[in-house]
Amino acid sequence: QVQLVESGGGLVQPGGSLRLSCAASGIIFSIYAMGWYRQAPGKQRELVASIARGGSTNYADSVKGRFTISRDNAKNTVYLQMNSLKPDDTAVYYCNAAQTIWDYWGQGTQVTVSS
C-alpha cells in the first residue's frame, strides 16, 4: 500500500518560514520523481517544485529564490523549505510521487500565511 504523508504545515506570519516533509512508503522512493503542488481556494492545483530521481530541481516562478526542494532517499522523504512566505502562498500543499504510469498523492497539509 502506497502512502505519502505530509507534515509541517501551519499558520505563519508573512516573512516567516516553514519546512514541509513528505514521508513515502510502499514505493521504491529513489526511482520516483517527487513534487510539491498547492491548491488555494477557488484555484487550480499548481506545481510548486519538483525534484527528479537524479536530483535536478524545478520551481514555479512565483517561488524561485524563496523555496527549496530536497530529498533524502535513505529516509524516503522529500522536503520543501519555504522562506519569505507571503499571503499568496496560502494553500493546501500536496506531495506527489511520479514514475512512468504511476502517480501518487498525499492528503495535503494546510499552509496559512497571515498576520
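A quick yes/no check of all residues on (1) polar (S, T, N, Q); (2) touching a residue at least 60 places away in the same chain (Cβ under 8 Å); (3) closer than 18 Å to Gly8 by Cα:
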{"site": "Ala52", "(1), (2), (3)": "no, no, no"}
{"site": "Thr68", "(1), (2), (3)": "yes, no, yes"}
{"site": "Arg71", "(1), (2), (3)": "no, no, yes"}
{"site": "Ala98", "(1), (2), (3)": "no, yes, no"}
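Would you be able to say whether some residue in the stretch 7-25 is open to solvent by 70 Å² or more (accessible area, probe 1.4 Å) and in contact with a helix residue (DSSP H, G or I) (Cβ under 9 Å, 6 or more places away or on another chain)?
No, the stretch 7-25 contains no residue that is open to solvent by 70 Å² or more (accessible area, probe 1.4 Å) and in contact with a helix residue (DSSP H, G or I) (Cβ under 9 Å, 6 or more places away or on another chain).
Would you say Tyr79 is at pLDDT 95 or above, under 10 Å from the mean Cα position of the chain (by Cα), of a type in the set (Phe, Trp, Tyr) and over 16 Å from Ser17 (Cα atoms)?
It is false that Tyr79 is at pLDDT 95 or above, under 10 Å from the mean Cα position of the chain (by Cα), of a type in the set (Phe, Trp, Tyr) and over 16 Å from Ser17 (Cα atoms).
Out of all the residues in the stretch 83-101, which are touching an Asp or Glu at 6+ places or on another chain (Cβ under 9 Å) and open to solvent by less than 30 Å² (accessible area, probe 1.4 Å)?
Within the stretch 83-101, Ala91, Tyr93, Cys95, Asn96, Ala97 qualify.
Identify, please: which residue in the stretch 90-115 is outside any strand (DSSP E or B) and touching a Pro at 6+ places or on another chain (Cβ under 9 Å) and is, among those, nearest to Arg45 (Cα to Cα)?
Thr90
Checking the condition loosely packed, with under 14 Cβ neighbours inside 10 Å, small (Gly, Ala, Ser) and more than 21 Å from Gln107 (Cβ to Cβ), which residue from Gly42, Gly54 passes? Step through it out loud before you land on a result.
Working: Gly42 fails: more than 21 Å from Gln107 (Cβ to Cβ).
From the options Gly42, Gly54, the qualifying one is Gly54.
As an exercise: evaluate Thr109 against (1) loosely packed, with under 12 Cβ neighbours inside 10 Å; (2) at pLDDT 95 or above and give the number of the one condition it does not meet.
Status for Thr109: all satisfied but (1).
The values are calculated or read from the model by the stated rules, or taken from the named source; none is laboratory data. Not measured: the values here are computed from a predicted model. Ideal geometry is used to build each Cβ from the backbone, glycine not excepted, and the neighbour counts take in all protein chains shown. We work out accessible area using only protein heavy atoms, side chains counted, and drop any ligands, DNA or RNA first. Shrake-Rupley method; radii C 1.70, N 1.55, O 1.52, S 1.80 Å.
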